[in-house]
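The values are calculated or read from the model by the stated rules, or taken from the named source; none is laboratory data. Not measured: the values here are computed from a predicted model. When we count neighbours, we look across all protein chains shown, and the Cβ atoms used for this are built from the backbone with ideal geometry, even at glycine. The accessibility values were calculated without ligands, DNA or RNA, using every heavy atom of the protein model including side chains. Shrake-Rupley method; radii C 1.70, N 1.55, O 1.52, S 1.80 Å.
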Amino acid sequence: MAYKDFRDFLHTLEKEGQLLTISDEVKPEPDLAAANRALNNMGDKTPALFFNNIYGYTDARIAMNVMGSWPNHALMMGMPKNTPLKEQFFEFARRYEQFPVPVKREETAPFHEVEITEDINLFDILPLFRLNQGDGGFYLDKAILVSRDLDDPDTYGKQNVGLYRMQVKGKNRLGIQPVPQHDIAIHIRQAEERGENLKVAIALGCEPVITTAASTPLLYDQSEYEMAGAIQGEPYRVVKAKDADLDLPWGAEVILEGEVLAGEREFEGPFGEFTGHYSGGRAMPVIQINRIYHRKQPIFEHLYIGMPWTETDYMIGVNTSVPLFQQLKDAFPNEIVAVNAMYTHGLVAIISTKTRYGGFAKAVGMRALTTPHGLGYCKLVIVVDEDVDPFNLPQVMWALSTKLHPKHDAVIVPGLSILPLDPGSDPAGMTHKMILDATTPIAPDIRGHYSQPLDSPLGVAEWEKKLSQMLR
Amino acid sequence: MHICPRCESNRSEVVTRSPVKGAWEVLLCPVCMFTWRTSEPDSITDPAKYKSAFKVNPQDIPNAAHVPPIPEWVQGRS
């Protein structure tokens, strides 16, 4: 089911009625961001947008909201576009277990068509634009960045492929935000301890499977390329960068090669973030771009980000939930049923579990706090019973309203880590965290009146199957 | 030279011009790194109308927190 490249996926979206082409002239600001914001306000089944007539440009082509809905997420996985979310979650989890699928290496790629090494000017080459009014500049926010572990360069999984916001701060300069919980911060530290620049490569306009793998909170030594192979069910195609020993996604539209300048920090931001707040301005590392290559007439992909929900939330919803699900299952293989960590990248996580004895659900919640992703997110963990669907918020609210006793079931753990972008963290990067146990108390935790749960009329399961078939 | 709408330094420079002649220019301030396009609304381009909550005082820039902090050079790392 692998998509050959970014254009192949756009063709699929078009064929499935999930790509809307805007041929009327639009202004780079505020139209591009405004159209996307408006689209994100219109529900969870929206199409991608394709702009081909942008004021002041002659041949700029910009795709946005490419993964910004559940139908587009299903198509990314090669599933029918109307696949229910819960089914997408379990299918993603099934493919996740196929990891690792070794990569397929290629010698050349379509992006080798045009190469620029002299007088680089990112503002000329890329149709850049502002997203939100308080942004400090123009950003790349759906580009993947590749870097390698300097202490252990031969361990393939330690090559990192990640999505990081990058502010364009000069003709050949980018600013990057390396949140300490993310892998790029480790590589930058390794290079700076040596007093060396860190070689990096940046790919824009990628087919969505690598973007999904790059935004999945994998373990540090797990390869995003090998996970992309697992998700798409066949080896992921890569080609070597020219200036460094780094693998690039074969199907990208544009590649930037460069280096993080050791010991350099420069004012960056603010940027309207997935938290629904601006990040503030801080001094961050700088990337110098030395080489660019791209397809002829490249399609520039961009992502509107801001108050949830936006494309980001669809893109990092299922793939944030699944690693937490798997890591919790490692600890409690017979109990964990499903995990929904789709809210603000898992700042809120809902876990459905069986319980073995009184207090068990609270232990599940505490394990979530200590998973790699939980260390930077999972500020509020809600634990529900096995018969509550964590993707069905009315059911979760029912569990909270009827199972939870604040005296017994609200646990606050003080002084834990959180990503510094959490606007409530104080100081930035530190927070208390809370577990809400909304499971039914069981022995020896004997309390409440739970001996007469409401059941359903006989035959509901059969009717559910029959009616869903009739409605397809 | 142009006035930066955000930090009001007068050192901003044109980094690109629209491929269609005369539509817009993109300017960059080397002091606060603010970037803007001349065709943007005046709430972005006009220093007097730029939102006060997002203004930057050039004197504060050297004190901005380092994220991440620059680590010490470690002898023998290679």
Practice problem: Give the number of residues within the range A:254-275 that are in contact with an Asp or Glu (Cβ under 7 Å, 6 or more places away or on another chain) and under 18 Å from A:ARG237 (Cα atoms). | Solution: 0
Practice problem: Collect the residues in the range A:27-52 that are farther than 14 Å from A:PHE300 by Cβ, outside any helix (DSSP H, G or I) and within 14 Å of another protein chain (Cβ to nearest Cβ), keeping them in residue-number order. | Solution: A:LYS27, A:GLU29, A:PRO30
Self-check item: Filtered residues of the range A:143-155 (kept if open to solvent by 10 Å² or more (accessible area, probe 1.4 Å) and either modelled with pLDDT under 95 or touching a Leu at 6+ places or on another chain (Cβ under 9 Å) (or both))
Solution: A:ARG148, A:LEU150
Quiz item: A:GLN469 fails exactly one of the following numbered conditions: (1) surrounded by fewer than 17 Cβ atoms within 10 Å (Cβ to Cβ); (2) assigned to a loop (DSSP other than H, G, I, E, B). What is the number of that condition?
Solution: (2)
Quiz item: Which of the following residues is at the interface with chain A (Cβ under 7 Å from one of its Cβ atoms) and at pLDDT below 95: B:VAL56, B:VAL67, B:VAL20?
Solution: B:VAL67
Exercise. Just name the residue that is surrounded by the most Cβ atoms within 10 Å (Cβ to Cβ) out of those in the range A:131-142 that are more than 12 Å from chain B (Cβ to nearest Cβ) and either in contact with a Ser or Thr (Cβ under 9 Å, 6 or more places away or on another chain) or closer than 13 Å to A:ILE186 by Cβ (or both).
Key: A:LYS142
Practice problem: Please work out if A:PHE271 is open to solvent by less than 10 Å² (accessible area, probe 1.4 Å) and either within 14 Å of another protein chain (Cβ to nearest Cβ) or free of Cβ contacts under 8 Å to residues at least 12 places away in the same chain (or both). | Solution: yes
Quiz item: For the subset of the range A:244-268 comprising residues that are facing chain B (nearest Cβ under 10 Å) and farther than 18 Å from B:ASP60 by Cα, which member is surrounded by the most Cβ atoms within 10 Å (Cβ to Cβ)?
Solution: A:ALA262
Self-check item: Unique residue being within 30 Å of A:HIS345 (Cα to Cα) and not aliphatic (A, V, I, L, M) when the list is A:HIS449, A:HIS405
Solution: A:HIS405
Exercise. Tell me, yes or no, whether the range A:201-212 has at least one residue that is on the phi > 0 side of the Ramachandran plot, buried (at least 24 other Cβ atoms within 10 Å of the Cβ) and touching a helix residue (DSSP H, G or I) at 6+ places or on another chain (Cβ under 7 Å).
Key: yes
Exercise. Test A:HIS182 against the stated conditions and say whether it is modelled with pLDDT under 95 and within 24 Å of B:HIS66 (Cα to Cα).
Key: yes
Quiz item: If you go through the range A:66-87 one residue at a time, do you hit one that is more than 19 Å from A:ILE231 (Cα to Cα) and in the same structural domain as A:ILE125 (by the TED database)?
Solution: no
Self-check item: Failed criterion for A:ASP8 (all others in (1) outside any loop (DSSP other than H, G, I, E, B); (2) within 19 Å of A:PRO80 (Cα to Cα); (3) in contact with a helix residue (DSSP H, G or I) (Cβ under 9 Å, 6 or more places away or on another chain) hold)
Solution: (3)
Quiz item: From the residues in the range A:156-175 that are open to solvent by 50 Å² or more (accessible area, probe 1.4 Å) and either at pLDDT below 95 or part of a loop (DSSP other than H, G, I, E, B) (or both), which one is nearest to the other protein chains (Cβ to nearest Cβ)?
Solution: A:LYS171
Self-check item: Cross-chain or 6+ apart pairs with Cβ under 7 Å, the range A:25-43 first and modelled with pLDDT of 95 or more, then surrounded by fewer than 22 Cβ atoms within 10 Å (Cβ to Cβ) and among the acidic types (Asp, Glu)
Solution: A:GLU29/B:GLU40
Quiz item: Could you say which residue among A:PRO100, A:PRO84, A:PRO30 is in contact with a helix residue (DSSP H, G or I) (Cβ under 7 Å, 6 or more places away or on another chain), open to solvent by 50 Å² or more (accessible area, probe 1.4 Å) and of a type outside the set (Lys, Arg)?
Solution: A:PRO100
Quiz item: Here are some residues: A:PRO208, A:PRO217, A:PRO178. Which one is within 30 Å of A:GLY137 (Cβ to Cβ), within 17 Å of the chain's Cα centre (by Cα) and within 14 Å of chain B (Cβ to nearest Cβ)?
Solution: A:PRO178
Exercise. Check the range A:310-317 and report whether any residue there is outside any strand (DSSP E or B), within 23 Å of A:THR155 (Cβ to Cβ) and in contact with a strand residue (DSSP E or B) (Cβ under 6 Å, 6 or more places away or on another chain).
Key: no
